[in-house]
Structures are given as C-alpha cells and as structure tokens.
Amino acid sequence: MSEPWEDEPEGPVRKFMYVNRRAPYGTIYALESLEVVLIAAAFEQDVSLVFMDDGVYQIKKGQKTEGIGVKNFSPTYRALEGYDVEKLYVEKESLESRGMTTDDLVVPVQVFDKDQLAALMEEQEVILSF
Amino acid sequence: MAMLHTVNKSPFERRTLDSCLRHAVKGSAILLIEDGVYAAFKGTVIADKVKAALSDHKVYVLGPDVSARGMDEDNLIPGLEVVDYGGFVDLVVEYDKVQSWL
C-alpha cells in the first residue's frame, strides 16, 4: 500500500537557479544556500546551481576546518548528485581571476562564460541569490 | 610606532585590502585573516598588489584560515609568512597597536 503523501498529485516543476557568490566561511550565505537547495531538491524541482565570484571558493578541494572550529560542509556538494541536483555551473571568468581550474573543485561542473550564464539565467523561472 | 593591520574580507568582493594598503605606512605589518587570506595566493588578479606591498610591509597570513578554505600553502605568494593563533597573539604584542580593517 502506498503512503498517503505518495498519492498526492505532482505539483508543477519549475526551473530554479541558485546563484552562489560568497566565500564559504566568512559569512553564513554559502551554508544557507546549500540548505535551501536541498529543500528544493526534495520537492523534485529542476535545480541549477551557479558558482560565481567568490562562490567558486565554496567548492574548493581540500577544505580542512578543524583549525577554525567550524563544520566543513564542502563534502555535501558531492552528495547533491544523490538528490538529482546535477546541473552545476561555474563561471569561467571567476575561476580564472582566482588562478583556479576545474581540477581545484570537489564536484564535476560545467564551465560557462558570462554570456552563457546570462542566457541560462534568462531561462529560469525562479532565481535565488546567495 | 609600528602598527599591525588586519584584513578579514575577500579582496575580490570588498575594497578593504585596498584601503588598508593605501593607509599603511612603511614598516607597518599586515595580517590576512578569515576571507582576507584569499589575497595571499599566486596566480590571481590580486597577487601583484600584494607582491608590491611586500617591499614596504611584512605580510602575514593566518594558517588555520588558509587550511579551512582548502587553499594551498605551497601556492602562497613568496615572502608571505604563515602564522598560527599563537603567532597572531605574538604579533599583537610585538606591534604597538592594531587596526582591524573590517
């Protein structure tokens, strides 16, 4: 027998984009964004994540936070695939200005330049910026 | 009276480091902490500015903040010195006063 909530008619699926522009530990934005992304994923929405400006630092490999007494939440980005959040984009210009490449990142991403990202933003129905 | 300047904001997002460098007199020291540590690495658009500062200032970077952010100490701009929290305290004691550029 199916559970009652499984009989609910499916709601509309909207295109959600999360724009991450902050470094991971200096402010709470990165962690809050991750929480909200997981909520949207639970509602089976069409989720895209963008990492640009200092947001690219959120997915930098090798974070070891013991020394600052803060939880290292970077492994969670690797778990997003399990929630069918697989559209991850990084802005090319942001990576390059910080001397980084995709080899520095904990997850596979698509590298888009600013014009490609702008076009992708235009396609979205909901954009949440952190 | 030599001063210790601390910078805790990302140089890519804020102008805090620029303000600090504009007002730090020769012989004063700069300590990069929290998101300020992103200024400390080679290959960025900020690196030349920090390299130039090394001619007038000792520049330190807080190791635990570097590790937390997954940044590689081997990739630091040459001439920068890594300190731990104990070293941070030593610097505060060594210099006459501290200016925190928030």
Inset, instruction - Please give the net charge around B:ASP18, taking every other residue with its beta carbon less than 14 angstrom from that of B:ASP18, where Lys and Arg add +1 and Asp and Glu add -1. - result: +3
Legend entry - Simple Cβ-charge dipole of segment B:3-101, Lys/Arg +1 and Asp/Glu -1, about Cα centre, in debye nearest 20: 460 debye
Inset, instruction - Calculate, in nm to one decimal, what A:PHE43 and A:TYR83 gain on full extension: separation in residues at 0.36 nm each, minus their alpha carbon distance. - result: 13.4 nm
Inset, instruction - Using a 10 angstrom cutoff on alpha carbons, build the Gaussian network for chain A and name the most mobile of A:ALA30, A:ALA119, A:ALA40. - result: A:ALA119
Inset, instruction - Mind checking the full-extension length gain between A:MET121 and A:SER97? Use 0.36 nm per residue of separation minus the Cα-Cα distance, one decimal, nm. - result: 6.5 nm
Inset, instruction - Based on other C-beta atoms within 10 Å, arrange A:TYR77, B:TYR38 from fewest to most. - result: A:TYR77, B:TYR38
Legend entry - chain B - percent relative contact order, Cα under 8 Å, separation 6 or more: 37 percent
Legend entry - Cβ-based exposure ranking for A:ILE28, A:ILE68, B:ILE77, A:ILE59, in which fewest neighbours within 10 Å come first: A:ILE28, A:ILE68, B:ILE77, A:ILE59
Inset, instruction - Indicate, rounded to the nearest 5 percent, the antiparallel portion of the DSSP beta bridges found entirely in segment B:3-101. - result: 5 percent
Legend entry - Helical mean residue ellipticity (222 nm; -39500 (n - 2.57) per DSSP H run of 4+; nearest 500) of chain A: -7000 deg cm²/dmol
Legend entry - FRET efficiency for A:THR27 and B:SER55, using Cβ-Cβ distance with R0 set to 35 Å, rounded to 0.05: 0.60
Legend entry - Total formal charge among the other residues, if their Cβ is under 12 angstrom from that of B:PRO64, Lys/Arg +1 and Asp/Glu -1: -3
Inset, instruction - Using Cα pairs closer than 8 Å and at least 6 residues apart in sequence, work out the relative contact order for segment A:32-104, in percent. - result: 43 percent
Inset, instruction - Find the percent of Cα-Cα distances in chain A that exceed 17 Å, and round it to a whole number. - result: 59 percent
Legend entry - chain A, relative contact order in percent, only Cα pairs under 8 angstrom and at least six apart counted: 33 percent
Inset, instruction - Would you mind estimating how fast the protein assembly as shown diffuses translationally, via Stokes-Einstein at 4 °C and 1.567 mPa s with the Kirkwood radius over Cα pairs, in µm²/s? - result: 68 µm²/s
Inset, instruction - Would you work out which of B:ASN8, B:SER55, B:LEU80 lies farthest towards the positive end of the dipole of chain B? Charges go on Cβ: Lys and Arg +1, Asp and Glu -1. - result: B:SER55
Inset, instruction - Return the long-range amide H neighbours of B:PHE41 (sequence gap of 5 or more, or a different chain), with a cut-off of under 5 Å between placed amide H atoms. - result: B:ILE77
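Every number here is computed from the coordinates shown, using simple stated rules; none is lab data. All of these numbers come straight from a predicted model, not from anything done at the bench. A quick note on method: Cβ atoms are made from the backbone with ideal geometry, for glycine too, and the neighbour counts reach across all protein chains shown.
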